[in-house]
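> For reference, the structure I am asking about is given below.
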């Protein structure tokens with residue numbers, strides 16, 4: 001609790017970075033190198049250079065549009081600064097948005113070929129002879145953490161990898177369990193799942209020793225498909241695929257929506273948010289936004305479309 005309070009307080013006076021390419025300039029205000037690098041990669045093409053501008057009082061950050069002639073600003077916010085940024089021109093976007101699939105209907109309807117990418121998932125499942133097994137127990141938790149989760153995150157994200165301590169998740173009630181995905185009988189992927197009431201939650205995933213080859217064998221897609229199959233066996237109504245980025249051009253977001261997932265529209269004030277602003281006098285910034293539609297929250301924390309050309313946003317209750 002004290003640590004959270006200090007983190008929120010720190011976002012009153014933040015380090016500010018300018019990142020620019022040949023065509024665009026963005027500002028990132030905050031402490032997270034992972035978020036800073038993610039947004040700069042998302043919007044800036046080619047090589048870019050970063051400049052530390054110093055620390056700024058949060059109310060001075062919007063002035064950087066004119067002072068630094070930038071196209072976009074991303075600023076971390078906290079409960080201490082949320083209301084200020086909510087009343088500024090711009091958008092409040094969730095760091096992560098939740099997606100769900102309604103699995104209370106027949107499996108054939110969920111995976112119908114004209115609505116989802118599941119036919120491609122099933123082709124790979126058949127091609128590479130993928131099956132699954134449900135596992136429990138402390139020894140499988142250690143096996144998942146050491147051989148699957150940690151190496152997968154490390155190899156997938158490199159220097160930006162954030163390796164969580166999964167002990168809290170493992171000690172949750174109801175207790176999580178594991179799905180081991182096998183290729184020709186050999187375990188090559190594991191996912192951490194939790195059932196709570198009529199909801200099945202996909203918490204974390206990993207590939208054996210972080211081997212990316214198994215991504216191309218369809219193991220990630222198999223996690224989702226087999227979780228739906230297992231969730232229906234358990235009598236679940238909704239399958240929570242976990243968080244995804246609010247920009248609809250993001251690869252993971254596109255993948256989950258392609259499986260028929262829908263955004264959970266009502267968000268909690270307790271979630272983590274970013275203030276996102278753009279220079280509406282900048283033609284390049286408007287062009288970039290047309291290619292990178294995003295979702296944001298309104299005053300009641302409902303997920304909504306932004307007011308530029310409409311993205312194909314799927315709604316969920």
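No value in this document is a laboratory result; all are computed from the given coordinates. Bear in mind that the values here come from a model prediction, so they are computed numbers and not experimental data. Cβ sites come from the backbone with ideal geometry, for glycine too, and all protein chains shown count toward neighbours.
> How would you rank 229, 121, going from fewest to most other Cβ atoms within 10 Å of each one's own Cβ?
Result, fewest neighbours first: 229, 121.
> Hey, another quick one. Test of understanding: what is the full-extension gain from residue 173 to residue 234, defined as 0.36 nm times their sequence separation minus their Cα-Cα distance?
Once the chain is fully extended between residue 173 and residue 234, it gains 20.3 nm.
> So, in nm, how far is label residue 249 from label residue 60 when the simple model puts each one 7 Å beyond its Cα toward the Cβ?
Output for this residue pair reads 3.2 nm.
> For the pair residue 155 and residue 47, how long in nm is the line joining their label points, each one 7 Å along Cα→Cβ?
3.0
> Next up: Given R₀ = 30 Å, what would the calculated FRET efficiency be for residue 164 paired with residue 67, taking r from the Cβ atoms and rounding to 0.05? Write out the running numbers ahead of the final one.
Values: r = 37 Å, r/R0 = 1.24.
Given R0 = 30 Å and the Cβ-Cβ separation, E is 0.20.
> Right, here's the next one. Run the numbers for residue 107 and residue 198: contour at 0.36 nm per residue of separation, minus the present Cα-Cα distance, in nm.
Using 0.36 nm per residue and subtracting the Cα-Cα distance, I get 31.1 nm.
> How big is the Kirkwood radius of the chain, worked out from every pair of different alpha carbons and given in Å to one decimal?
For the chain, the Kirkwood estimate is 21.2 Å.
> Quick one: check the C-alpha center-to-center distance for segment 32-77 versus segment 98-124, whole angstrom.
When both Cα centres are located, 38 Å separates them.
> Next question. Give me the percent relative contact order of segment 171-253, please, defined on Cα pairs under 8 angstrom at least 6 residues apart. Don't skip to the end; give the middle numbers.
Working: 108 pairs, mean separation 20.6, N = 83.
Normalised by residue count, the contact order of segment 171-253 is 25 percent.
> Now, a different point. Order by neighbour count: 57, 275, fewest other Cβ atoms within 10 Å first, most last.
57, 275
> If you take the square roots of the eigenvalues of the alpha-carbon gyration tensor of segment 104-236 and sort them as a ≥ b ≥ c, do you get rounded (a/c under 1.5), prolate (a/b over b/c) or oblate?
oblate
> Can I ask one more? How much mean residue ellipticity at 222 nm does the chain get from its helices, if each DSSP H run of length 4 or more adds -39500 (n - 2.57) and you divide by all residues, to the nearest 500 deg cm²/dmol?
Values: 13 runs with 97 residues, N = 317.
Result for the chain: -8000 deg cm²/dmol, rounded to the nearest 500.
> Name the shape class, rounded, prolate or oblate, that the alpha-carbon gyration tensor gives for segment 101-161, where a ≥ b ≥ c are the square roots of its eigenvalues, rounded holds for a/c under 1.5, and otherwise prolate holds if a/b is larger than b/c and oblate otherwise.
In terms of gyration-tensor shape, prolate.
> On to the next question. Fewest to most neighbouring Cβ within 10 Å: what's the order for 75, 47, 21?
In order of increasing Cβ crowding within 10 Å: 47, 21, 75.
> Zone of residue 300 (label point 7 Å along Cα→Cβ, backbone N under 19 Å): which residues in segment 261-278?
263-271
> Give me the one-decimal nm value for the distance between modelled label points at residue 10 and residue 212, 7 Å along each residue's Cα-to-Cβ direction.
Taking the simple label geometry, residue 10 and residue 212 are separated by 3.1 nm.
> What is segment 133-191 by shape, rounded, prolate or oblate, if you read a ≥ b ≥ c off the alpha carbon gyration tensor as root eigenvalues and call it rounded for a/c under 1.5, prolate for a/b larger than b/c, and oblate otherwise? Could you put the intermediate results ahead of the total?
On the way: a/c = 2.54, a/b = 1.12, b/c = 2.28.
It is oblate, given that a/c is not under 1.5 and a/b is not larger than b/c.
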